[in-house]
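Heads up: the structure comes next, in structure tokens.
Every number in this text was worked out from the coordinates using simple rules, so none of it is lab data. Predicted model only: the values in this text are computed from it and were never measured. Heads up, the Cβs are rebuilt from the backbone with ideal geometry, glycines too, and the neighbour counts pull from every protein chain shown.
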Amino acid sequence: MDSVLRGAAVYLVLLMIFRLSGRRTLAQVTAFDFVLLLIVAETTQQALLGDDFSVVNAAILIVTLFTLDIAMSCLKRWSRGLALLLDGSPTVLVAGGVPDREVMRRARVDLRDILLAARSQHGLRRMDEVDFAVLEQSGGISIIPKEAGKNG
Amino acid sequence: MIDRSASSPPIRSDGLQIDEHRSLQVFHWRLERVAWGTFLAIVVAALLGLTGGEGRLARNTLDHGSAQAEVPAVARWQEPDNMTVSFDAAGPHVIRFGPGLAEWFDVASVTPRPVHESATSEGLRLEVEAAGGTVHLSIRPRSPGLARYDLEIDGATVSARTLIIP
């Protein structure tokens, strides 16, 4: 029972921290962030396992974490409200070529991030070639170029 | 199971089809800022010792006149901790912990070794020489909660409290 409770507690704490850290934290993953994620994994290991390093305990924890994740995905599918709460919704950063500065400030996105996405996704050179930019639930920025917007 | 994800997102006046919940997003941004403040508060609390371990507020010092006891103000469940009793004068001395101590903590060891030790329903009684002037008790919290216990040193009693966090 202890293992299941530990697994559930760690799952919920991580879910809450990652969600409240903001989407940009996950999107702007640098090499250092990757190392940080490894440290987080190492830190949670002790809390998950306690003093029991047996294979059975590890198996119970893995099954618990997977079960919780499956249950959470089912719940999100069933309840749109819960999905919105846990995953958020896409945020329009640029509409009709006009950047929404207030939204960008709150979402911690600047023009350089949008231009980077525009260059990497469509090879766009300038901001005036961007029709729409959307901060997706995953934390990535989707770009719709002006021509593509007109065609769509 | 009802699949509520099947409904298609609305099309905005500018032609973009997207399910954007701006009011919820604004609420979430506010919540994020509150969470960041909470994260900072947790870090500061940890630095001060309010989450157990080391720190300025991690320990309570109880003054018994000729002796001082230092007990953890905040301890972590199942994590080894320690208590110390320092004497101004040479021994022998008698230290008695009330039954509350045994209820909340396992006492792993006492250093230096007591001359006489007895655990009764009235608590743990230790007779020590305290050659170095200080007696160390290694303890391990048994369960989370607010532990209240009495500490009697050479006849003078004070009450101590330790918050045991999970």
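Using a simple spin-label model with pseudo-atoms 7 Å out from Cα toward Cβ, A:LEU12 and A:ALA31 lie 3.9 nm apart.
The length gained by stretching the chain between B:ALA119 and B:SER66 to full extension, at 0.36 nm per residue less their Cα-Cα distance, is 16.6 nm.
Annotation: the residues A:ASP51, A:ASP87, A:ASP131, sorted from fewest to most other C-beta atoms within 10 Å of their own C-beta, follow the order A:ASP51, A:ASP87, A:ASP131. Trypsin sites (Lys or Arg not before Pro) within region B:25-67: which are DSSP loop residues with at most 14 other Cβ atoms inside 10 Å? Here the sparse-neighbourhood loop sites are B:ARG56. Note on B:12-20: average number of Cβ atoms from other chains within 10 Å of each residue's Cβ is 6.
Of the GluC sites (Glu not before Pro) in region B:13-65, the ones in a loop by DSSP (not H, G, I, E or B) with at most 14 other beta carbons within 10 Å are B:GLU54. Just to be sure I follow the definition: excluding the sites themselves, where is the longest run in chain A that has none of the trypsin sites (Lys or Arg not before Pro) in a DSSP loop with at most 15 other Cβ atoms within 10 Å? That gives A:1-124 as the longest site-free run.
Scanning chain A for long hydrophobic helices, with DSSP H runs required to stretch 27 angstrom or more by C-alpha along their axis and to average at least 1.0 on the Kyte-Doolittle scale, returns A:2-21, A:31-49, A:55-78. Take the Cα of B:SER7, step 7 Å toward its Cβ, do the same at B:ASP88, and the gap between the two points is 7.6 nm.
Angle, helix B:22-48 long axis vs. longest principal axis of chain B, Cα atoms, 0 to 90°, nearest 10? Result, in degrees: 20. Each principal axis of the Cα cloud of chain A was evaluated for its coordinate range; sorted largest first, these ranges are 59, 36, 25 Å. To the nearest µm²/s, what D does Stokes-Einstein give for the protein assembly as shown at 37 °C and 0.692 mPa s, using the Kirkwood radius over alpha carbon pairs as Rh? My calculation gives 134 µm²/s for D. When each of A:MET1, B:MET83 is scored by the number of other beta-carbon atoms lying within 10 Å, the sequence from fewest to most is A:MET1, B:MET83. Peptide B:30-38 has a mean of 3 when you count, residue by residue, the C-beta atoms of other protein chains within 10 Å of its C-beta.
Under the criterion of Cα pairs below 8 Å and six or more residues apart, the relative contact order for chain B equals 21 percent. A viscosity of 1.002 mPa s and a temperature of 20 °C, combined with the Kirkwood radius over C-alpha pairs in the Stokes-Einstein formula, give region B:59-165 a diffusion coefficient of 158 µm²/s. Taking region B:60-86 and a reference point 7 angstrom along Cα→Cβ of B:ASP106, the backbone N atoms nearer than 11 Å belong to B:78-80.
Across region B:5-45, the residues whose backbone nitrogen lies under 19 Å from the label position 7 Å along the beta-carbon direction of A:SER21 are B:28-44. Averaged over the residues of peptide A:132-141, the number of Cβ atoms from other protein chains lying within 10 Å of each residue's Cβ is 1.
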